Amino acid sequence: MTSSTSAVGAPSLEVRTLATGYGDLQVVWDVSFAVHPGQITALVGRNGSGKTSTLRAISGLNKLTGGSVHLLGEDAGTAGVAERVHRGLAYVQEGKRVFRRLTVEQNLILGAHTRRLSRTELRDQLTGTYDLFPILQEKSGALAGSMSGGQQQMLAIGQALMAKPQVLMLDEPSGGLAPAIVAEVMARIGALADAGLGILLVEQSIDAALNIAHDVVVLDNGRVSFAGRVSESHPDQIREAVLGEYVGAIGLQRSNKAVGSVETKEQDMGGRSH
Ligand SMILES: Nc1ncnc2c1ncn2[C@@H]1O[C@H](COP(=O)(O)OP(=O)(O)OP(=O)(O)O)[C@@H](O)[C@H]1O
Ligand SMILES: [Mg+2]
């Protein structure tokens with residue numbers, strides 16, 4: 001396994017040897033990675049590989065059964081969910097978690113409820129979010145439920161941004177969206193990183209994730225099967241780590257997992273891996 005450390009300053013989020021599960025069932029073992037300010041770490045892997053469970057453990061929704069979570073250099077592994085939000089962690093869960101019967105602006109304002117903002121601060125925060133997602137300003141008075149899937153995804157992200165996070169975790173933001181819309185949502189996510197946010201991006205669409213990510217971590221059966229800088233990794237190597245034995249079954253040349261050692265045939269394996 002290659003470490004994803006890099007010379008980009010102190011991490012906003014650092015996960016070390018994380019383990020988690022549900023009751024007695026352990027589903028994630030020994031997962032380590034970092035998210036740096038202004039950078040995107042993509043967490044990819046097949047269905048059931050433990051991506052969502054890892055995000056839940058970082059957010060505090062699932063208990064850590066091992067390892068640690070540091071937010072902005074401080075241990076957050078035993079902090080409650082709200083405390084982690086307060087300390088700069090935002091989490092957009094899989095699926096669109098917007099209030100369909102509230103307006104776009106009401107949804108955004110709810111996103112700021114963990115921070116006690118004055119009216120002026122709230123207005124500034126709204127303005128900042130509208131600058132990032134002009135479509136939300138255009139539709140500010142519309143019911144969230146009347147918007148398209150892509151717009152609702154942007155609203156969910158905008159709502160998370162209202163809490164002024166330093167780290168944003170996104171679970172499959174491309175889920176259920178048409179390819180053209182995925183490209184737009186991904187471009188927005190890239191812009192958020194460019195503006196300085198650290199982003200942990202869970203994606204099944206490997207190519208979409210690799211287009212914007214700086215670091216990549218692959219989970220397989222709850223363990224890291226590959227990790228490295230995207231710029232230093234061969235896409236096939238990452239796809240192989242994601243697809244595992246499936247790659248052998250369809251005839252791609254198998255290889256070991258060391259960075260830079262792979263000479264596999266260029267073949268488009270993007271899209272959902274199931
Ligand atoms: N609430 C739960 N109770 C028990 N087991 C669960 C629960 N949620 C997930 N699991 C199990 O934990 C493992 C990891 O699931 P998880 O949802 O984290 O994977 P994932 O990588 O996010 O998958 P997907 O790509 O389908 O979203 C799977 O074996 C899954 O069945
Ligand atoms: Mg999941």
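So here's what we get for this one:
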{"item": "Any hit, the range 237-253, residues being outside any helix (DSSP H, G or I), surrounded by 15 or more Cβ atoms within 10 Å (Cβ to Cβ) and at pLDDT 70 or above", "result": "yes"}
{"item": "Residues of the range 17-27 that turn out to be among the charged types (D, E, K, R) and either near ligand 1 (Cβ under 9 Å from one of its atoms) or modelled with pLDDT of 95 or more (or both), as a count", "result": "0"}
{"item": "Conditions (1) aliphatic (A, V, I, L, M); (2) touching a Lys or Arg at 6+ places or on another chain (Cβ under 7 Å); (3) under 19 Å from residue 161 (Cβ atoms); (4) within 16 Å of ligand 1 (Cβ to nearest atom): number failed by residue 92", "result": "(2)"}
{"item": "In the range 63-77, residue nearest to ligand 1 (Cβ to nearest atom) [restricted to those that are surrounded by fewer than 15 Cβ atoms within 10 Å (Cβ to Cβ) and part of a loop (DSSP other than H, G, I, E, B)]", "result": "63"}
{"item": "Filter result for residue 20 (surrounded by 18 or more Cβ atoms within 10 Å (Cβ to Cβ) and either within 14 Å of ligand 2 (Cβ to nearest atom) or outside any loop (DSSP other than H, G, I, E, B) (or both))", "result": "yes"}
{"item": "The range 36-47 - residue that is assigned to a strand (DSSP E or B) and within 13 Å of ligand 2 (Cβ to nearest atom) and, of those, nearest to residue 91 (Cα to Cα)", "result": "43"}
{"item": "So residue 88, is it in contact with a Pro (Cβ under 8 Å, 6 or more places away or on another chain) and away from ligand 2 (no atom under 16 Å from the Cβ)", "result": "yes"}
{"item": "Identity of the residue in the range 152-207, acidic (Asp, Glu) and outside any loop (DSSP other than H, G, I, E, B), that ends up farthest from ligand 1 (Cβ to nearest atom)", "result": "194"}
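Per-residue answers, yes or no, for (1) within 13 Å of ligand 1 (Cβ to nearest atom); (2) touching a residue at least 60 places away in the same chain (Cβ under 8 Å); (3) assigned to a strand (DSSP E or B); (4) surrounded by fewer than 23 Cβ atoms within 10 Å (Cβ to Cβ):
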position	(1), (2), (3), (4)
10	no, yes, no, yes
29	yes, yes, yes, yes
34	no, yes, yes, no
49	yes, yes, no, no
56	yes, no, no, yes
61	yes, no, no, yes
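The values are calculated or read from the model by the stated rules, or taken from the named source; none is laboratory data. What you see is a predicted model, and the numbers here were worked out from it, not measured in a lab. Don't worry about glycine lacking a Cβ; one is built from the backbone with ideal geometry, like all the others, and counts go over all protein chains shown.
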